[in-house]
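A.B. asks: Let me give you the structure first, and then I'll get to my questions.
The values are calculated or read from the model by the stated rules, or taken from the named source; none is laboratory data. As the structure is a prediction and not an experimental result, all values here were calculated from the model. Here the Cβ is made from the backbone with ideal geometry for all residues, glycine too, and neighbour counts use every protein chain on show. Surface areas here come from the heavy atoms of the whole protein model, side chains and all, with no ligands, DNA or RNA. Shrake-Rupley method; radii C 1.70, N 1.55, O 1.52, S 1.80 Å.
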Amino acid sequence: MKKHMSFLQKTVNIIIVTTLISSCSSGLQQLKKGNFDEAIFTSVNRLQQKSNNRKALEVLREAYPLAIDDHKRVIRVFEKSQEPFRWEKAFAEYQALNRIYDVISHSSVSMHEVGVPQNYAREAETARQLAADDRYQAGELALAHKENRLAAKDAMGQFERVNQLIPNYKNANRKAEEAFQYAVHRVMIKPVYDVYRLHDHEYFDLQKAFDDEFFRSKISNQFVRYYTTAEARRDTLPQNDLVKFAFLDLYSPQRDITTTIEHFTREIKVGTKKINDSTKVDVFEKVCAKITTYNKSVVVRGTMQMRVFDFKTNALLNEETNDERYCWTDSWQVFEGNPKALAEGQTCPSTSVPMFDNEPNSSYFFNRISDQFANHFKRSLKKAYRNM
């Protein structure tokens, strides 16, 4: 028992020592990899847990000046370069220096080891102002060519970055919104053209399905906007594309009914009889039944066409014809015969008359296929405009 306890104690001690070595060496490993900031943060964290951690103190003492010198060297490179948006990168380096300042200044043990750290808040603010101005100037330059969608899109991105650096710097919000309006790809969708000559209520349902899909649901790409004919007339900026839908054909419903029949036979006890003066025997009777299962399907098919034109030149950009098929199914069972013929626990169908007239009305079928058409063409346009 003592030997067993001794072995357990040794195992626990090994685990504890290994954990301590690992925790102390993690900062050292970061230092060896050249990750000076992480080495500092890890060491300070260790010192908060144990203020006389020798390994952590050694790593902090070595990593701190290396981190400061490294960030300052990179800042000098950016300040002297002609690289676009160099002040943004210099600002990021000043932020890193200030993170080190925050960590060290909140640890008395760390300050005792490396001295009072320097705060670079003023330098960081200067770099941030210069970075915001660089982005703003780039946005202005792109916005000067806003009639070009890609230039407008670039301008919007520049002004949004300005806002991230300094909120609403020089009215960047207004500039970003102006650029966005020119970056939007405007698509006018005309009402469905009825080649087939639908009934009025059918055409109304079809148009409603398209309106719901295109104008009442959110578009995933913020740079694409769908317009009705009336909305396009009211917009001050020009449309880019024109989409026309045509309903070409609607085929007569195809109905099909299949049947399967199951037969059941059992012998059931109906009484007893005497075969002599003292012996009685059971009397059995053969009973039969059948279950007929009806499977009914109604298939409705139609054809529509979509054509996309350049709004200015009327050049055909894309053409697609789509066949849609909607299938409605139903099934029921009819029972004939003696219910006692069924197996124990088997449910007896309640109906005894076939229900051949159970299908929905024609409006139901047309609404379903209209929804399918609208959904299909919405997905087609979404794919076409995905990278706009």
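A.B. asks: Leaving ligands and nucleic acids out of the surface, order THR347, THR265 by accessible area at 1.4 Å, largest first. Numbers along the way, then the final one.
C.D. replies: Working: THR347 110, THR265 85 Å².
The ranking, largest first, comes out as THR347, THR265.
A.B. asks: Calculate what fraction, in whole %, of the accessible area of the chain sits on carbon and sulfur atoms when a 1.4 Å probe is rolled over the protein chains. Show your work: numbers first, answer last.
C.D. replies: Values: 11980 of 23670 Å².
Here carbon and sulfur together make up 51 percent of the probe-accessible area.
A.B. asks: Please enumerate, by chain and number, the lysines with C-alpha under 20 Å from the C-alpha of LYS383, excluding those fewer than 8 residues away in the same chain.
C.D. replies: The qualifying lysines are LYS153, LYS190, LYS218, LYS244.
A.B. asks: Using amide H atoms built in the peptide plane, which far-off residues or other-chain residues are under 5 Å from HIS185 H to H?
C.D. replies: Here the answer is VAL224, ARG225, since their amide H atoms fall under 5 Å of that of HIS185.
A.B. asks: Please tell me the relative contact order of the chain in percent, rounded to the nearest whole number, where contacts are Cα pairs under 8 Å and at least six residues apart.
C.D. replies: Contact order relative to length: 10 percent.
A.B. asks: Under a GNM of the chain (C-alpha, springs under 10 Å), which listed residue has the highest mean-square fluctuation: ASP235, ASP282, ASP249?
C.D. replies: Sorting by GNM fluctuation, first place goes to ASP282.
A.B. asks: Now a separate question. Tabulate in residue order the Karplus-calculated ³J(HN,Hα) for the stretch 376-386, using 6.51 cos²θ - 1.76 cosθ + 1.60 with θ = phi - 60°, rounded to whole Hz; enter x for Gly and Pro.
C.D. replies: Per residue, the Karplus-derived 3J(HN,Hα) values read 4, 6, 4, 5, 5, 5, 4, 5, 5, 9, 4 Hz.
A.B. asks: Now, a different point. Specify whether the C-alpha gyration tensor of the chain places it in the rounded, prolate or oblate class, a ≥ b ≥ c being the square roots of the eigenvalues: rounded for a/c under 1.5, otherwise prolate if a/b is larger than b/c and oblate if not.
C.D. replies: Note, shape of the chain comes out oblate.
A.B. asks: Count the net charge of all other residues whose Cβ sits under 14 Å from the Cβ of VAL109, scoring Lys and Arg as +1 and Asp and Glu as -1.
C.D. replies: +3
A.B. asks: Here is a follow-up. When the Karplus curve 6.51 cos²θ - 1.76 cosθ + 1.60 is applied with θ = phi - 60°, which whole-Hz ³J(HN,Hα) does each residue of the stretch 155-169 get, with x for Gly and Pro?
C.D. replies: Listing the rounded values in order: 4, 4, x, 5, 5, 5, 5, 4, 5, 5, 6, 9, x, 6, 5 Hz.
A.B. asks: Let me ask you something else. Shape of the stretch 41-104 from its Cα gyration tensor (a ≥ b ≥ c, root eigenvalues): rounded if a/c is under 1.5, otherwise prolate when a/b > b/c, or oblate?
C.D. replies: prolate
A.B. asks: Here is a follow-up. Using a Förster distance of 35 Å, how high is the FRET efficiency between ASN168 and ARG216, based on the Cβ-Cβ distance and rounded to 0.05?
C.D. replies: Efficiency for this residue pair is about 0.60.
A.B. asks: Per residue, how much accessible area does the stretch 242-340 show when a 1.4 Å probe rolls over the protein heavy atoms, in square angstrom?
C.D. replies: Dividing the accessible area of the stretch 242-340 by its residue count gives 63 Å².
A.B. asks: Taking 7 Å along the Cα-to-C-beta vector as the label spot, tell me the MET111-ARG386 distance in nanometres, rounded to one decimal.
C.D. replies: 5.7
A.B. asks: Let me ask something else. Could you run the Karplus curve 6.51 cos²θ - 1.76 cosθ + 1.60 with θ = phi - 60° over the stretch 312-327 and give me ³J(HN,Hα) per residue in whole Hz, x for Gly and Pro?
C.D. replies: So the J values, rounded to whole Hz, are 7, 9, 6, 6, 6, 9, 7, 9, 8, 10, 10, 9, 10, 9, 10, 10.
A.B. asks: Also: Quote to one decimal, in nm, the extra length available between LEU237 and ARG122 on full extension: 0.36 nm per residue of separation minus the C-alpha distance between them.
C.D. replies: 37.0 nm
A.B. asks: For the stretch 250-378, evaluate the Debye formula with one uniform point scatterer on each Cα (no solvent term) and list log10 I(q)/I(0) at q = 0.09, 0.11 Å⁻¹, rounded to two decimals.
C.D. replies: -0.54, -0.65
A.B. asks: Pull up the cross-link candidates among the aspartates and glutamates for LYS80, meaning alpha carbon to alpha carbon under 14 Å and not fewer than 8 places away within one chain.
C.D. replies: GLU88
A.B. asks: Take the alpha carbon gyration tensor of the stretch 29-149, find the square roots of its eigenvalues, order them as a ≥ b ≥ c, and report rounded if a/c is under 1.5; if not, report prolate when a/b exceeds b/c, else oblate. Numbers along the way, then the final one.
C.D. replies: Working: a/c = 3.17, a/b = 2.83, b/c = 1.12.
Prolate shape, in that a/c is at least 1.5 and a/b is the bigger ratio.
A.B. asks: Let me ask you something else. Accessible area, 1.4 Å probe, largest first: how do SER350, SER297, SER252 sort?
C.D. replies: SER350, SER252, SER297
A.B. asks: Which of the lysines could be linked to LYS55 by a straight reach, that is with a Cα gap under 16 Å, when you skip same-chain ones fewer than 8 residues away?
C.D. replies: Filter leaves LYS32.
A.B. asks: Right, another one. Tell me, what is the per residue accessible area of the stretch 121-218 in Å², probe radius 1.4 Å?
C.D. replies: 56
A.B. asks: R0 = 22 Å: FRET efficiency of ARG325 with ASP194, Cβ-based, nearest 0.05?
C.D. replies: My answer for the efficiency is 0.65.
A.B. asks: Using a 1.4 Å probe and counting only protein heavy atoms, arrange MET111, MET304 so the residue with the most accessible area comes first.
C.D. replies: Reading off the accessible areas and sorting them downward yields MET111, MET304.
A.B. asks: First measure r as the distance between the Cβ atoms of THR260 and VAL283, then evaluate 1/(1 + (r/R0)^6) with R0 = 25 Å and state the FRET efficiency to the nearest 0.05.
C.D. replies: Computed FRET efficiency for THR260 and VAL283: 0.15.
A.B. asks: Measure nothing but the geometry: give the 0 to 90° angle between the long axis through the Cα atoms of 36-49 and the longest principal axis through the Cα atoms of the chain, rounded to 10°.
C.D. replies: Around 90 degrees separate the two axes.
A.B. asks: Provide the solvent-accessible area of ARG255, counting protein heavy atoms only and rolling a 1.4 Å probe, rounded to the nearest 10 Å².
C.D. replies: Rounded to the nearest 10, the figure is 140 Å².
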